[in-house]
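K.L.:
Would you mind keeping the following structure in view while I ask a few things?
The values are calculated or read from the model by the stated rules, or taken from the named source; none is laboratory data. Everything numeric in this text was worked out from a predicted model, so none of it was measured. Here Cβ is always computed from backbone atoms with ideal geometry, including for glycine, and neighbour counts include all displayed protein chains. Just so you know, the surface numbers come from the protein's heavy atoms only, side chains and all, with ligands and any DNA or RNA stripped out. Shrake-Rupley method; radii C 1.70, N 1.55, O 1.52, S 1.80 Å.
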Amino acid sequence: LKESKRAVNSLRDIVDDDDDDDLERVSWSGEPVGSISWSIKETASSSTSSLEGRDSSLQKGSSSYAAFPKQVSSYSLSSLFKGRNKLPSFQSLSDALSDTGVKNYTPELRRPKAEYKDYSSDWSPKDTVRRMQRGKICSLERFRSLQDKLVLLDEAVAGHDGNVITAVLIFLKRTLRREILFRELEVRQVALSHLIHFLKETGEQKLLLDLLRFLDRTEEVALSQYREHLNIQDVEKRREFLKGCIGLPFSAEDTSHIQDHYTLLERQIIIEANDRHLETAGQSEIFRKYPRKASILNMPLVTTLFYSCFYHYTEAEGTFSSPTNLKKTFKIPDKQYVLTALAARAKLRAWDDVDALFTTKNWLGYTKKKAPIGFHRVVEILQRNNAPVQVLQEYVRLVEDVETRLNLATKYKCHDVVIETYRDLKDRIQLTAYKCKVERGSTEEEKINSILNN
C-alpha cells in the first residue's frame, strides 16, 4: 500500500492535477480508469485462453456482469488510496462485492518477479547464501566449476552461519575429489573445523582419518582411532583393540592413559570371572549378604577401587583384586584412596576397618590418627552412612578448628564433645546455655553441673 501511495503521489507531482477529485480518468473503451469494470476487463485481456471465452461472454451482456451498481464505475483509483468516497451515498467496495446478486471476479495478484527466477541459474553465490540464511530453498547444482564452489564457500564463511557453512561443505564433499577438497580446506580454517566437527558427529570415521592424515595431525588421528573402542561391545575384542592402540602416536601423557586403560580392563576381566564364580557357587559370605548389582566390566578406576574395597578389602597385595594392589599399580593418590575406602567400609559398617584406616605408628611405636582429607570430611561421610554417635564423637574430637568442631558436634548432637570444648574454653555462659538443650536428668546434664560446680 505504501508503494502504491508513493506511485500515485509521484504521478501527481508530474501531472498538475489540482482537481483530481472532480476529474474522471477514462480508458479507450470509455470505462473510468480504476473502476471495477475496467479492472475486470484488464484482467480478462491478460488471462489464459480458457478464461478469455468466459470474460468475453461476460462483456457481451452477461446478466450477472450487468448487476454491478452504476455508481461503482465512478470510484477512481486515486480516491481509493485517499480513503474517501466521492459521493455521500456511495456503496463501499466490500458491500458491492458482498451483494448476493453479484458474481465476484477478483483480479489475480501477480507474484513478485523474483519468485519466477530459475533457482538453478539466476542466483549468484552471495544471493544464494543470503537465501539459505533466510531458510529459502536453493539449488547448489549450478555451481559446477571449482572457482564458483570456492566463492560459494567463502561467502558462506563470511556470513557466519554454521548451518549454511555445513550445507555448503556437504555439497563440496559430494562433488569434489578428496584431494582437492582437503587442499582447499587447509587454507580455510573455519570451514575446516566445521567439516571435522561434522564428520565426528556423523561418524564418518574413514574420511575423518584421511583428512587428519592429510593435515599431518598424528595425535588427532590416534585419538580418533582410540575413540572407536566405544563402539566395541564384546569385552575381549575391546581389550585386543586397546592393546593395539598402545603403539599409536599419542603424546607421552596420553600414552600412559591408554596403557592404564588396557591394564584396568584386563584386571576387570579377571576379577569379574572370579567373582561371578564365587557368587554362583555361594562360597563367599559377603556375596551372599551383599549380592552384586552390576558387572564391574568397563567401569572407571574409582568405581573399581570402591568395588575392591567393598568385596576384597582384606586380600593380600599380591592379588589383582586387592585395593592396595590397585593403588600401587595405577598410582592412586592417598586422598582418593582414603575417600573411596572410607565410603566402602562405612557402608558395610566396618568401624574397626575405618579406625585402622586413620591409625598410624611412628618410629617409637606410638599410634596417632591422621587423615589426609581432614577429619571434618571423615565425620560427614560417617554421618551419611548412619554411623553411631560414639563413632562420630571420636572423629569430631579430632577436628582441629574449635569453631568447626563445635558446629559439627552441635549439628550431629555429640553432646560430650560440646561440653568438653566449652570446659576447655572455660566458657561458663555457653555451658550454662547448652544445659537447657540437653534432657533433664540425663548424663550430659549431670556432667555440665559437675563442671559448673568445680
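K.L.:
Restricting the search to the range 417-439, which residues are open to solvent by 40 Å² or more (accessible area, probe 1.4 Å) and either touching a helix residue (DSSP H, G or I) at 6+ places or on another chain (Cβ under 8 Å) or not in a helix (DSSP H, G or I) (or both)?
P.N.:
Within the range 417-439, R423, L425, K426, D427, R428, Q430, T432, K435, C436, K437, E439 qualify.
K.L.:
For the range 180-189, check the following and say yes or no: at least one residue is within 26 Å of the chain's Cα centre (by Cα) and either surrounded by fewer than 18 Cβ atoms within 10 Å (Cβ to Cβ) or modelled with pLDDT under 90 (or both). First the steps, then the outcome.
P.N.:
Taking the range 180-189 as the starting set, the residues that turn out to be within 26 Å of the chain's Cα centre (by Cα) are 189.
Next, only the ones that are either surrounded by fewer than 18 Cβ atoms within 10 Å (Cβ to Cβ) or modelled with pLDDT under 90 (or both) stay: 189.
Yes, the range 180-189 has at least one match.
K.L.:
Then there's this: Would you confirm, using the coordinates I've provided, whether L153 is within 20 Å of the chain's Cα centre (by Cα), of a type outside the set (S, T, Y) and open to solvent by less than 40 Å² (accessible area, probe 1.4 Å)?
P.N.:
Details: within 20 Å of the chain's Cα centre (by Cα): no; of a type outside the set (S, T, Y): yes; open to solvent by less than 40 Å² (accessible area, probe 1.4 Å): yes.
Criteria not met by L153.
K.L.:
Something else now. Against the definition (among the aliphatic types (A, V, I, L, M) and at pLDDT 90 or above), how does L406 come out, yes or no? If you could, list the steps in order and put the result at the bottom.
P.N.:
Numbers: among the aliphatic types (A, V, I, L, M): yes; at pLDDT 90 or above: yes.
Yes; evaluated as a whole, the condition is true for this residue.
K.L.:
Continuing with this model, one more query. Any residue at all in the range 404-422 that's acidic (D, E), over 30 Å from K328 (Cα atoms) and without any contact (Cβ under 8 Å) to a residue 40 or more places away in the chain?
P.N.:
Kept after step one, since they are acidic (D, E), are these residues of the range 404-422: 416, 420.
When the remaining residues are screened for being over 30 Å from K328 (Cα atoms), the result is 416, 420.
Keeping just the survivors that are without any contact (Cβ under 8 Å) to a residue 40 or more places away in the chain gives 416, 420.
Taking every residue of the range 404-422 in turn, at least one turns out to be acidic (D, E), over 30 Å from K328 (Cα atoms) and without any contact (Cβ under 8 Å) to a residue 40 or more places away in the chain.
K.L.:
State the number of residues belonging to the range 244-255 that are part of a helix (DSSP H, G or I) and open to solvent by 30 Å² or more (accessible area, probe 1.4 Å). Break it down into steps so the answer makes sense when it comes.
P.N.:
Taking the range 244-255 as the starting set, the residues that turn out to be part of a helix (DSSP H, G or I) are 244-245, 252-255.
Those still in the list that are open to solvent by 30 Å² or more (accessible area, probe 1.4 Å) too: 244, 252-255.
Matching residues across the range 244-255 total 5.
K.L.:
Let me ask another. Out of everything in the range 204-233 that is among the hydrophobic types (A, V, I, L, M, F, W, C) and open to solvent by 70 Å² or more (accessible area, probe 1.4 Å), what residue ends up being farthest from Q259 (Cα to Cα)? Working first, answer last.
P.N.:
Narrowing the range 204-233 to residues among the hydrophobic types (A, V, I, L, M, F, W, C): 207-209, 211-212, 214-215, 221-223, 230, 232.
Checking which are open to solvent by 70 Å² or more (accessible area, probe 1.4 Å) leaves us with 214, 230.
Details: F214: 27, L230: 16 Å.
If we take residues in the range 204-233 being among the hydrophobic types (A, V, I, L, M, F, W, C) and open to solvent by 70 Å² or more (accessible area, probe 1.4 Å), then F214 is farthest from Q259 (Cα to Cα).
K.L.:
Kindly indicate whether any position in the range 256-265 is over 30 Å from L185 (Cβ atoms), of a type in the set (D, E) and open to solvent by less than 70 Å² (accessible area, probe 1.4 Å).
P.N.:
Within the range 256-265 (the criterion being over 30 Å from L185 (Cβ atoms), of a type in the set (D, E) and open to solvent by less than 70 Å² (accessible area, probe 1.4 Å)), the answer is yes, since at least one residue qualifies.
K.L.:
Additional query: Out of all the residues in the range 234-243, is one or more at pLDDT 90 or above, open to solvent by 40 Å² or more (accessible area, probe 1.4 Å) and part of a loop (DSSP other than H, G, I, E, B)?
P.N.:
Here is the first cut: in the range 234-243, the ones at pLDDT 90 or above are 234-243.
Now drop any that are not open to solvent by 40 Å² or more (accessible area, probe 1.4 Å), which leaves 234, 236-237, 239-241, 243.
So of that shortlist, the ones also part of a loop (DSSP other than H, G, I, E, B) come out as 234.
Looking through the range 234-243, at least one residue is at pLDDT 90 or above, open to solvent by 40 Å² or more (accessible area, probe 1.4 Å) and part of a loop (DSSP other than H, G, I, E, B).
K.L.:
Right, another one. Taking the stated definitions as given, is I270 surrounded by 15 or more Cβ atoms within 10 Å (Cβ to Cβ) and either aliphatic (A, V, I, L, M) or within 21 Å of N231 (Cα to Cα) (or both)? Step through it out loud before you land on a result.
P.N.:
Values: surrounded by 15 or more Cβ atoms within 10 Å (Cβ to Cβ): no; either aliphatic (A, V, I, L, M) or within 21 Å of N231 (Cα to Cα) (or both): yes.
For I270, the condition - surrounded by 15 or more Cβ atoms within 10 Å (Cβ to Cβ) and either aliphatic (A, V, I, L, M) or within 21 Å of N231 (Cα to Cα) (or both) - is not met.
K.L.:
Inside the range 190-201, can you point out the residues that are open to solvent by less than 70 Å² (accessible area, probe 1.4 Å) and not hydrophobic (A, V, I, L, M, F, W, C)? Talk me through it step by step, then tell me what you get.
P.N.:
Just the residues of the range 190-201 that are open to solvent by less than 70 Å² (accessible area, probe 1.4 Å), to begin with: 191-196, 198-199.
Listed by number, the residues that qualify are S193, H194.
K.L.:
Then there is this: Has the range 374-389 got any residue that is assigned by the TED database to the domain that holds F358 and either closer than 18 Å to E445 by Cα or among the hydroxyl-bearing types (S, T, Y) (or both)?
P.N.:
At the first step, the residues of the range 374-389 found to be assigned by the TED database to the domain that holds F358 are 374-389.
Filter once more, keeping what is either closer than 18 Å to E445 by Cα or among the hydroxyl-bearing types (S, T, Y) (or both): 389.
Scanning the range 374-389, I find at least one residue that is assigned by the TED database to the domain that holds F358 and either closer than 18 Å to E445 by Cα or among the hydroxyl-bearing types (S, T, Y) (or both), so the answer is yes.
K.L.:
Also, I was wondering about something else. What pairs come out if I take residues in the range 211-225 that are among the charged types (D, E, K, R) and pair them with residues that are assigned to a helix (DSSP H, G or I) and crowded, with 19+ Cβ neighbours inside 10 Å whose C-beta lies under 8 Å away, six or more apart or interchain?
P.N.:
That search, which allows pairs on different chains as well, returns R213/V221; E220/L212.
K.L.:
A follow-up question, please. Does the range 357-369 contain at least one residue that is touching a Leu at 6+ places or on another chain (Cβ under 8 Å) and closer than 28 Å to K289 by Cβ?
P.N.:
If we filter the range 357-369 for residues that are touching a Leu at 6+ places or on another chain (Cβ under 8 Å), which is where we start, we get 357, 369.
Next cut, closer than 28 Å to K289 by Cβ only: 357.
Yes.
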